[in-house]
Amino acid sequence: MNEKNQITEGVIWKQLLIFFFPIVIGTFFQQIYNTADSIVVGRFVGKEALAAVGGSVNQIVNLVVEVFVGLTSGASVVVAQFYGAKDKKNLNKTLHTSYAFGIVTGFVVGVIGFTLTDTVLGLMKTPQELMADSRIYLHIYFCGMIFNIIYNMGASILRAVGDSRRPLYVLMITCGLNIVLDIVLVVIFRLGVMGVALATVSCQGISSCLVTIMLMKEHPLFQLKLREIRFYRVSLQSVLRIGIPAALEATMYTIANLIIQVFVNALGTDTVAAWGTFAKIDAVYWMVVNAFGISITTFVGQNYGAGKVKRMRKSVGVCLGMSYAGAFLVSGTLYALAGPLYRLFTTDENVVRIGVDMMHFLLPSYFMYVVIGILSGALRGAGRVLVPMLLTCGGVCLIRIIWMFGVFPGHPGINTIMLSYPVSWGITAVLFVIYYFRKFPKVKNVAASGSAELYQV
């Protein structure tokens, strides 16, 4: 490959922003994609349907998606490192192994999820009046699980080689289509929650086809060929070595949130609806921080593969500065517009009141997560995933769970639930800073690194 790789050679802040903006815009469209469902059911079906889509269902979907986003991060890191090292042979093996893994796991998880829907909803103490709609949505969603996983795998591979624009185009197309289908199926044909689920799965099917086609087009270093999709043992081990800790981390995050959802469910339908809607609104904040996290993972991964450690370390500082600027801007805007934003979702004033109080309570503490998001992304790009996973699981997830069972019974209420977030973020952020300065790769450790050493954990 003769063309210059800007991620390993260009101006750091410019390349981070060039990579960041398509991701954050794409995530914005993804959020519109998800939010459209809530707006349509909230306004045209009712608050019970809104609570169903935004409550237990939302947490279960997040669990499944986050687990596989974690697994796909293993593929993206390995691909980024081989791409930076210009190792065509191993890059192609990783590409086809990753796709085989996505297809198999998508099918298996779809079957298991469909079968266990009622059991999981029951364990989460989902209110009885929300059970029917929740069941319908999840059954349809799990039927299309394979599409979701294939899209996420394909998009993560494209981003790993520095192509963050084409996943954006896919999201723009499917977002527009999802809104149209929501209106047609829910407003016109009055299919309720079923219509929302069918719209979502249909668009996921289209997005998975589009990213697959993109990867099948000729590239100087790699090309997806359907007949070559298979498992390569060493490639699979490398992907899983990084992907499994990331998936476990995502799983623990979501399990903690599922447990919190159980406690929220006990506070009534209005609180459940407000909490679920909050998750839709504050996703704007998370999309900014997570986009920077994805950017630094790819940036560090490619430069690690190329042996440019000084550039890796400098990029982390630059990315932290930009992330904090974006985080303060977004959280401040959401704080100021809390009321109008909630009224987009519902006309129920009690739900609006509860939701605004939630936003004003939590948003000022969101800045603490920036350190966790960026440093964990940087460490993952360098192949350090085991200890960061343990820090996140212990510092964020375990503390949050202990808080709910230890503090909530004595001080029941939504404020006690929300306080678990800044407490866990603050402790974990400190732990990440300590680990980063002790273990992030230094020049002497990587100066002679070759592709055979790219999988350190």
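Of all residues in region 333-351, how many are without any contact (Cβ under 8 Å) to a residue 60 or more places away in the chain and β-branched (Val, Ile, Thr)?
Residues in region 333-351 being without any contact (Cβ under 8 Å) to a residue 60 or more places away in the chain and β-branched (Val, Ile, Thr): 1 in total.
If I filter region 405-417 for residues that are at pLDDT 85 or above and buried (at least 20 other Cβ atoms within 10 Å of the Cβ), do I get at least one hit?
yes
Pairs under 8 Å by beta carbon, first residue in contact (Cβ under 8 Å) with a residue 12 or more places away in the chain in region 125-150, partner in a loop (DSSP other than H, G, I, E, B) and of a type in the set (A, V, I, L, M), six or more apart or different chains?
Within 8 Å, the pairs are Lys125/Ala266.
Please find, within region 372-390, the residue that is nearest to Val430 (Cα to Cα) out of those that are assigned to a helix (DSSP H, G or I), within 17 Å of the chain's Cα centre (by Cα) and β-branched (Val, Ile, Thr).
Among them, the one singled out is Ile372.
Is it fair to say Ile213 is surrounded by fewer than 21 Cβ atoms within 10 Å (Cβ to Cβ), without any contact (Cβ under 8 Å) to a residue 24 or more places away in the chain and assigned to a helix (DSSP H, G or I)?
yes
With buried (at least 18 other Cβ atoms within 10 Å of the Cβ), assigned to a helix (DSSP H, G or I), at pLDDT 75 or above and β-branched (Val, Ile, Thr) as the only criterion, which of Ile60, Ile25 stands out?
Ile60
Going through Ile206, Ile179, Ile244 one at a time, which residue ends up being among the β-branched types (Val, Ile, Thr), more than 20 Å from Ile140 (Cβ to Cβ) and within 25 Å of the chain's Cα centre (by Cα)? Let's see the steps before the verdict.
Working: Ile206 fails: more than 20 Å from Ile140 (Cβ to Cβ); Ile179 fails: more than 20 Å from Ile140 (Cβ to Cβ).
Only one candidate qualifies: Ile244.
Kindly indicate whether any position in region 143-162 is under 26 Å from Val272 (Cβ atoms), surrounded by fewer than 24 Cβ atoms within 10 Å (Cβ to Cβ), more than 22 Å from the chain's Cα centre (by Cα) and of a type outside the set (A, V, I, L, M, F, W, C).
The answer is no; no qualifying residue exists.
Check region 270-277 and report whether any residue there is touching a helix residue (DSSP H, G or I) at 6+ places or on another chain (Cβ under 8 Å) and within 22 Å of Gly381 (Cα to Cα).
So far as region 270-277 goes, no, none of its residues is touching a helix residue (DSSP H, G or I) at 6+ places or on another chain (Cβ under 8 Å) and within 22 Å of Gly381 (Cα to Cα).
Looking only at region 277-306, count every residue that is over 19 Å from Val385 (Cα atoms) and of a type outside the set (Val, Ile, Thr) and tell me the total.
9
With respect to Val356, determine if the residue is surrounded by fewer than 21 Cβ atoms within 10 Å (Cβ to Cβ), in a helix (DSSP H, G or I) and in contact with a helix residue (DSSP H, G or I) (Cβ under 7 Å, 6 or more places away or on another chain). Show your work before the answer.
Values: surrounded by fewer than 21 Cβ atoms within 10 Å (Cβ to Cβ): yes; in a helix (DSSP H, G or I): yes; in contact with a helix residue (DSSP H, G or I) (Cβ under 7 Å, 6 or more places away or on another chain): yes.
Here the answer is yes, as Val356 does meet what is asked.
Considering every residue within region 142-155, establish whether at least one is assigned to a helix (DSSP H, G or I), among the β-branched types (Val, Ile, Thr), at negative phi and in contact with a Phe, Trp or Tyr (Cβ under 6 Å, 6 or more places away or on another chain).
Checked region 142-155: at least one residue is assigned to a helix (DSSP H, G or I), among the β-branched types (Val, Ile, Thr), at negative phi and in contact with a Phe, Trp or Tyr (Cβ under 6 Å, 6 or more places away or on another chain).
Could you please find all residues in region 353-375 being free of Cβ contacts under 8 Å to residues at least 60 places away in the same chain and closer than 22 Å to Gly268 by Cβ?
Arg353, Val356, Asp357, His360, Phe361
Being over 30 Å from Gln6 (Cα atoms), out of contact with any Phe, Trp or Tyr (no Cβ under 9 Å at 6 or more places or on another chain), not in a helix (DSSP H, G or I) and not small (Gly, Ala, Ser) is true for just one of Leu181, Leu185, Leu191, Leu198. Which residue is that?
Leu191
Each row is one residue, and each column tells you yes or no for (1) under 23 Å from the mean Cα position of the chain (by Cα); (2) surrounded by 24 or more Cβ atoms within 10 Å (Cβ to Cβ); (3) free of Cβ contacts under 8 Å to residues at least 24 places away in the same chain.
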{"position": "Phe44", "(1), (2), (3)": "no, no, no"}
{"position": "Val53", "(1), (2), (3)": "yes, yes, no"}
{"position": "Val77", "(1), (2), (3)": "yes, yes, no"}
{"position": "Ala85", "(1), (2), (3)": "no, no, no"}
{"position": "Leu91", "(1), (2), (3)": "no, yes, no"}
{"position": "Gly102", "(1), (2), (3)": "yes, yes, no"}
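Is there a residue being charged (D, E, K, R), in a loop (DSSP other than H, G, I, E, B) and either closer than 30 Å to Val387 by Cα or in contact with a helix residue (DSSP H, G or I) (Cβ under 7 Å, 6 or more places away or on another chain) (or both) anywhere in region 230-241?
Yes.
Within region 401-430, how many residues are aliphatic (A, V, I, L, M) and over 28 Å from the mean Cα position of the chain (by Cα)?
Total satisfying the criteria: 1.
Do we find that Lys314 is charged (D, E, K, R), crowded, with 21+ Cβ neighbours inside 10 Å, in contact with a helix residue (DSSP H, G or I) (Cβ under 9 Å, 6 or more places away or on another chain) and in contact (Cβ under 8 Å) with a residue 40 or more places away in the chain in this structure? Please lay out each step first, then the result.
Working: charged (D, E, K, R): yes; crowded, with 21+ Cβ neighbours inside 10 Å: no; in contact with a helix residue (DSSP H, G or I) (Cβ under 9 Å, 6 or more places away or on another chain): yes; in contact (Cβ under 8 Å) with a residue 40 or more places away in the chain: yes.
Criteria not met by Lys314.
The values are calculated or read from the model by the stated rules, or taken from the named source; none is laboratory data. These numbers were taken from a predicted model, which means no experiment stands behind them. Because the Cβ atoms are built from the backbone with ideal geometry, glycine has one as well, and the counts that use them run over all protein chains shown.
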